[in-house]
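Okay, so here's the structure we're looking at.
The values are calculated or read from the model by the stated rules, or taken from the named source; none is laboratory data. Everything numeric here is computed off the predicted structure, so don't read it as measured data. All Cβ positions, even for glycine, are placed from backbone atoms using ideal geometry, and neighbour counts span all protein chains on display.
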Ligand code: 9WO
């Protein structure tokens, strides 16, 4: 997988490959990450990358020419047909399904904007899609780009070990995760659920699945509605709700 990022802060974006799962993916050459900085393509003595908005108003706008050149440079080193994706609250919401789609590509270019916005003609001429992490505003697209890189890299074949991949499946089946516990067994009188200490793996798996269904129902009914529970799942959920009872 080849990912390129166009950003005024390449050192910030580069942090994502310094640690953990993504770092290992780069070391093992399952992922390559390149950054292009529009400032490197600014032709004036001040290396200007922003300018005042036409029509007035506060803030600055990311300039067309140096950014377009940086995008084209980023595409140079990539397989043909790699999309250019801008991170923006105005985009389509990024979810696990989108992450899987991107993970199936040979590569893509992420455009991380700064200032109050980017010249709209960049979107029209150079950007294929816009993706949003959700309804909030950041100071720039970099942190959103890093989140996309992390989510996609985890899905690349060989990046996670067998054990980690199995854990991943638990969200991929469209449910929230079950609750986790580690030592100590008691904290201020709060015990770890007894079933987890039972050593009965079938019962533990059933309990975890019940918790995942129950939490999804309580916190994210929208997730459950998409799932169309079968009889057994419905029964587990009913059990969860009964156990919740008067609380
Ligand atoms: C900001 C904005 C605010 C309201 C409605 C639409 C909007 N679009 C942008 C925008 O594209 N901003 C650029 C990138 C320039 C300023 C900082 N940028 C940014 C990206 N802020 N927030 C994001 C972002 C990206 C992905 N998911 C959530 C937020």
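Residues are listed down the side, and each one gets a yes or a no for (1) buried (at least 18 other Cβ atoms within 10 Å of the Cβ); (2) touching a helix residue (DSSP H, G or I) at 6+ places or on another chain (Cβ under 7 Å):
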| residue | (1), (2) |
| --- | --- |
| 52 | no, no |
| 55 | no, no |
| 60 | no, no |
| 64 | no, yes |
| 71 | yes, yes |
| 76 | no, no |
| 82 | yes, yes |
| 86 | yes, yes |
| 93 | no, no |
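Just name the residue that is farthest from the ligand (Cβ to nearest atom) out of those in the stretch 20-40 that are assigned to a helix (DSSP H, G or I) and surrounded by fewer than 20 Cβ atoms within 10 Å (Cβ to Cβ). Even if it seems obvious, please write down each step before you answer.
Step one: of the stretch 20-40, the residues assigned to a helix (DSSP H, G or I) are 20-27, 38-40.
Those still in the list that are surrounded by fewer than 20 Cβ atoms within 10 Å (Cβ to Cβ) too: 20-21, 23-24, 26-27, 39-40.
Numbers: 20: 21, 21: 21, 23: 23, 24: 25, 26: 23, 27: 28, 39: 16, 40: 20 Å.
Among those that are assigned to a helix (DSSP H, G or I) and surrounded by fewer than 20 Cβ atoms within 10 Å (Cβ to Cβ), it is 27.
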- Task: Could you look through the stretch 136-157, keep only residues that are within 12 Å of the ligand (Cβ to nearest atom), crowded, with 21+ Cβ neighbours inside 10 Å and touching a residue at least 60 places away in the same chain (Cβ under 8 Å), and pick out the one that is nearest to residue 60 (Cα to Cα)?
- Result: 141
- Note on the structure: Of those in the stretch 118-129 that are under 15 Å from residue 91 (Cβ atoms) and surrounded by fewer than 16 Cβ atoms within 10 Å (Cβ to Cβ), the residue farthest from the ligand (Cβ to nearest atom) is 128
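In this structure, does residue 43 turn out to be in the same structural domain as residue 119 (by TED's automatic domain parsing) and surrounded by 18 or more Cβ atoms within 10 Å (Cβ to Cβ)? Can you show your working first?
Numbers: in the same structural domain as residue 119 (by TED's automatic domain parsing): yes; surrounded by 18 or more Cβ atoms within 10 Å (Cβ to Cβ): no.
In short, no.
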- Within the stretch 197-207, the residues that are in a helix (DSSP H, G or I) and surrounded by fewer than 18 Cβ atoms within 10 Å (Cβ to Cβ) are 197, 201, 202, 203, 204, 205, 206
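What are the residues in the stretch 107-142 that are part of a strand (DSSP E or B) and more than 20 Å from residue 74 (Cβ to Cβ), if any?
If the condition is that a residue be part of a strand (DSSP E or B) and more than 20 Å from residue 74 (Cβ to Cβ), then 132 is the only one that fits.
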- Message: Condition check: surrounded by 11 or more Cβ atoms within 10 Å (Cβ to Cβ) and at pLDDT 95 or above. Does residue 227 satisfy that?
- Response: no
- Query: Within the stretch 58-80, can one find any residue that is under 27 Å from residue 157 (Cβ atoms), assigned to a strand (DSSP E or B), modelled with pLDDT of 95 or more and away from the ligand (no atom under 12 Å from the Cβ)?
  - Reply: no
- Task: Sort through 176, 160, 110, 133 and tell me the only one that's surrounded by 13 or more Cβ atoms within 10 Å (Cβ to Cβ), under 30 Å from residue 32 (Cβ atoms), touching a residue at least 12 places away in the same chain (Cβ under 8 Å) and more than 16 Å from the ligand (Cβ to nearest atom).
- Result: 160
- Answer yes or no as to whether residue 97 is more than 16 Å from the ligand (Cβ to nearest atom) and in the same structural domain as residue 8 (by TED's automatic domain parsing). yes
